[in-house]
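The values are calculated or read from the model by the stated rules, or taken from the named source; none is laboratory data. Remember, predicted model here, so these are calculated numbers, not experimental data. Using ideal geometry, Cβ is built from the backbone for each residue, glycine included, and neighbour counts are taken over all protein chains shown. Accessible surface areas use protein heavy atoms only, side chains included; no ligands, DNA or RNA. Shrake-Rupley method; radii C 1.70, N 1.55, O 1.52, S 1.80 Å.
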Amino acid sequence: MSMSFFECVMRPKLKLFILISLAVPIVVSSSNLSFDTTNSNTTINDRAVDIIKGNRPLRPGTKRQSSLKKQSRLLSLFTIVKFDNEPCYSSSGDSGICMTSTECYQHRGVPIGSCANSYGVCCLSLSTCGQTIRENGTYFVNAGYPEGLNNTGTCQVTIHKLSPYICQFRLDFERFSITGPEPVNHQCDNDQFIVSGSNPVPVICGLNTGSHMYVDAGTGTSPIILTMVTSGIFLKRNWKIKVSQIPCDSITKADTGCLQYYTGVSGTLKSFNYEPSSGLHLSNQDYTICLRTERNFCSVQYSACDDQMNNRSHAFTLTGNTLGQNPVQANVGSVGSSPCNSDYLIIPCVSSKQGPVASGMNTCVDRLCGGTLNTDYSTMPTTVMMSDLFGYLFTQMLWKCQMTWVIVVFV
């Protein structure tokens, strides 16, 4: 701060105080700024002038205070810069939290850009093996990140709520490449990603970049533990998992029991370790995917995505010869000639028939399996639709599919 203070004596009874000041910005983020001005009309500038002149601050309503208020309009000593700790992004696409440089250093973060009109820094907080996560937007990364990890061991981080009003943690797999399942029973016997301390979360492995999970934070103070188990030295693993803390009153909070939660009027659903050419669906998967009900929409339709890598689409393959190139029939329901009793996908009351249905025919089914997305016994994929918008989609046991949903309006 550059400041000069001069006293010029012009006459024995006249003293003129001249204050020359450069405006000094005081940079604070919203989490640290707190002024108590409940019972005072004195401004920050008034108090600063009093301190510089060596006087105590006066009571509200005095004549001298009124004079100082006029001076404060002309001589601004400080500029208070206040900004929220909001998400920010670097030129490379990495996301961080906007905060002061001091806060970033205290959180063991790395500045990746500027924010808040260059008064703050976009801080990338990274945590790795043996560390604790307490801040929103922190990343769990492998040791030596961004280089790959090629060893056998266990890497674990502990997540604590930043406040009692946190209900969920969202885990975004921005990078997730570890060893996939063994090829016979598709079990994650080598590498594993494990979530403990919360509602049941299936163990996953393989390639899951772009996927996500919602984890219940619980009502107490018990932490959530993320564990990455690696086995063998034949693959360089790489992971970067963003941990977002979801407040209980947030519009991004998922419904209870949802492992995944999607919003918007269209999107893509993928099973864990989905990869068209060599991905294997994982065993022992039992979880729920939820779709948020969007305003003015009343139904959801699903269709298998394009598969350019195979002669027969592998976009929906649950049972049958799922690795072959020949068509595999769709199977439906829990009873009948080809029921879905082992691996299946549940969509409540879904049908491929549009418009009125003939009397005596099933209007909808709930279980889908086989190698083709259809609610009839067919080898031709089709679009299927939920007749009523339940707002959620169930998946149970083993599945491997990639679908696009489009929500339509009936008027």
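Set the Förster distance to 41 Å, then compute FRET efficiency between Asp84 and Ser299 from the Cβ-Cβ distance, nearest 0.05.
Numbers: r = 38 Å, r/R0 = 0.93.
The pair Asp84/Ser299 has a calculated efficiency of 0.60.
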* Cα gyration tensor category, rounded, prolate or oblate, for the stretch 235-325 with a/c compared to 1.5 -> oblate
* Percent of alpha-carbon pairs separated by more than 13 Å within the stretch 171-233 -> 66 percent
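Which length gain, in nm to one decimal place, applies between Ser277 and Cys248 when the Cα-Cα distance is subtracted from 0.36 nm times their residue separation?
Numbers: separation 29, 0.36 × 29 = 10.44 nm, distance 4.02 nm.
Additional length available on full extension: 6.4 nm.
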* Asked: Tell me, what ³J(HN,Hα) does each residue in the stretch 275-288 have, in order and in whole Hz, if you take phi through Karplus 6.51 cos²θ - 1.76 cosθ + 1.60 with θ = phi - 60° and put x for Gly and Pro?
  -> 7, x, 8, 9, x, 10, 5, 7, 7, 6, 9, 8, 7, 10
* **Carbon and sulfur %, accessible surface of the stretch 214-334 computed with the full protein complex present, 1.4 Å** => 49 percent
* **Accessible area per residue in Å² at 1.4 Å probe, computed on the stretch 123-260** => 44 Å²
* To do: Just the number, please: carbon plus sulfur as a percent of the accessible area of the stretch 99-200, 1.4 Å probe, no ligands or DNA/RNA counted.
  => 48 percent
